[in-house]
1. Please compute the length gained on full extension between residue 50 and residue 96, using 0.36 nm multiplied by the number of residues separating them and subtracting their Cα-Cα distance.
2. Just flag the trypsin sites (Lys or Arg not before Pro) in the range 1-77 sitting in loop per DSSP whose Cβ has no more than 12 other Cβ atoms within 10 Å.
3. What percent do you get for the relative contact order of the range 1-56 when only Cα pairs under 8 Å and 6+ apart count?
4. Between residue 78 and residues 5 or more places away or on another chain, which pairs have amide H atoms under 5 Å apart, with H built 1.01 Å from N, and which residues are they?
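Values in this text are rule-based calculations from the coordinates and carry no lab data. The structure displayed is predicted, hence computed values, not measured ones. As a convention, Cβ positions derive from the backbone with ideal geometry for all residues, glycine included, and neighbour counts pool all protein chains shown.
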Amino acid sequence: MLGYFPASSLTRMPEAVGKFEVQPPAGEDAGLSGKITIRIWLSAKGDIDSIRILSSEVPAAYAQAALGAFEKLRFEPAEINGKPVRSWLDVVIEYADLALDGKRHGENR
């Protein structure tokens, strides 16, 4: 998308407001591991303008769950020299086969 600055051009990265939580798809309790890469385009106000899965090593339902978790987030906008700007960044989410209290969780690393 034109008019968005890549992370490498920013003097201040956007910051998520709130907690990022991925819930495994209903009925999907088998342990798995793998990475998902998501690209997010943010407005100068920190709103998500667009979001897309770039690559995924996990079943589609897990990738969609991660995408849905990001769609609920809001961000403090990126800046260049103190001025809020539109930006894009790639985020890698890693699912790890971690059992905590008998549940599987997605991890953001």
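1. 13.9 nm
2. Answer in residue order: 19, 45, 72.
3. Result for the range 1-56 is 27 percent.
4. It is 85, by chain and number.
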